[in-house]
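The values are calculated or read from the model by the stated rules, or taken from the named source; none is laboratory data. Everything quoted here is computed from the prediction, not taken from an experiment. Because the Cβ atoms are built from the backbone with ideal geometry, glycine has one as well, and the counts that use them run over all protein chains shown.
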Amino acid sequence: MIDYLLKFQSKEVAEQFALANGFAKEVDGVIKSSLVSREHALHEIGKHNGKDYWVLFRDLVGVPVPEEGNQFIVWSSNMTINDEADVDAVKIPRPKHNPDIPSTFWA
């Protein structure tokens with residue numbers, strides 16, 4: 001299971017990405033997100049600080065990240081950096097105290 005925090009320039013960009021990748025569909029002119037399936041769970045945070053549109057995405061089974069998806073990932077639970085000795089990979093904790101990033105995370 002991998003959690004992703006995604007940032008889009010607008011809700012429209014997020015919707016187009018979701019439509020193109022099967023996480024939403026258009027019904028009677030309204031875009032409906034697929035909030036949960038056997039493969040993923042999705043939570044639309046919405047705008048933060050009056051700009052950007054944020055989404056939490058929980059990958060339950062190893063859904064491949066679409067190539068164009070990497071540009072929207074701000075943080076994921078599988079992100080790592082090398083330790084001070086540049087030997088071992090250390091997980092990057094979720095951002096908690098950054099005012100530019102929403103503090104809404106999975107319970």
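For the reader, a short list of remarks on this structure follows.
- Annotation: residue 28 fulfils all but one of (1) farther than 20 Å from residue 103 by Cβ; (2) in contact with a strand residue (DSSP E or B) (Cβ under 8 Å, 6 or more places away or on another chain); the unmet one is (2).
- When the criteria are applied in full, residue 23 fails the requirement of being aromatic (Phe, Trp, Tyr) and either on the phi > 0 side of the Ramachandran plot or modelled with pLDDT of 90 or more (or both).
- Residue list for segment 1-16, restricted to those being farther than 20 Å from residue 101 by Cα and either of a type in the set (Gly, Ala, Ser) or out of contact with any strand residue (DSSP E or B) (no Cβ under 7 Å at 6 or more places or on another chain) (or both): 16
Let's see how each residue does on (1) surrounded by 11 or more Cβ atoms within 10 Å (Cβ to Cβ); (2) out of contact with any Asp or Glu (no Cβ under 7 Å at 6 or more places or on another chain); (3) of a type in the set (Ser, Thr, Tyr); (4) at pLDDT 85 or above:
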position	(1), (2), (3), (4)
68	no, yes, no, yes
71	no, yes, no, yes
75	yes, yes, no, yes
79	yes, yes, no, yes
83	no, yes, no, no
86	no, yes, no, no
96	no, yes, no, no
100	yes, yes, no, yes
104	yes, yes, yes, no
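- Residue satisfying condition, being under 14 Å from the mean Cα position of the chain (by Cα) and not hydrophobic (A, V, I, L, M, F, W, C), within set 98, 70: 70
- Take the conditions (1) in a strand (DSSP E or B); (2) touching a helix residue (DSSP H, G or I) at 6+ places or on another chain (Cβ under 9 Å); (3) surrounded by 16 or more Cβ atoms within 10 Å (Cβ to Cβ); residue 14 misses just one of them, which is (1).
- Hey, residue 85 in contact with a strand residue (DSSP E or B) (Cβ under 6 Å, 6 or more places away or on another chain) and of a type in the set (Gly, Ala, Ser) or not: no
- One residue alone among 56, 60 is of a type in the set (A, V, I, L, M), surrounded by 11 or more Cβ atoms within 10 Å (Cβ to Cβ), under 14 Å from the mean Cα position of the chain (by Cα) and under 19 Å from residue 103 (Cβ atoms), and that residue is 56.
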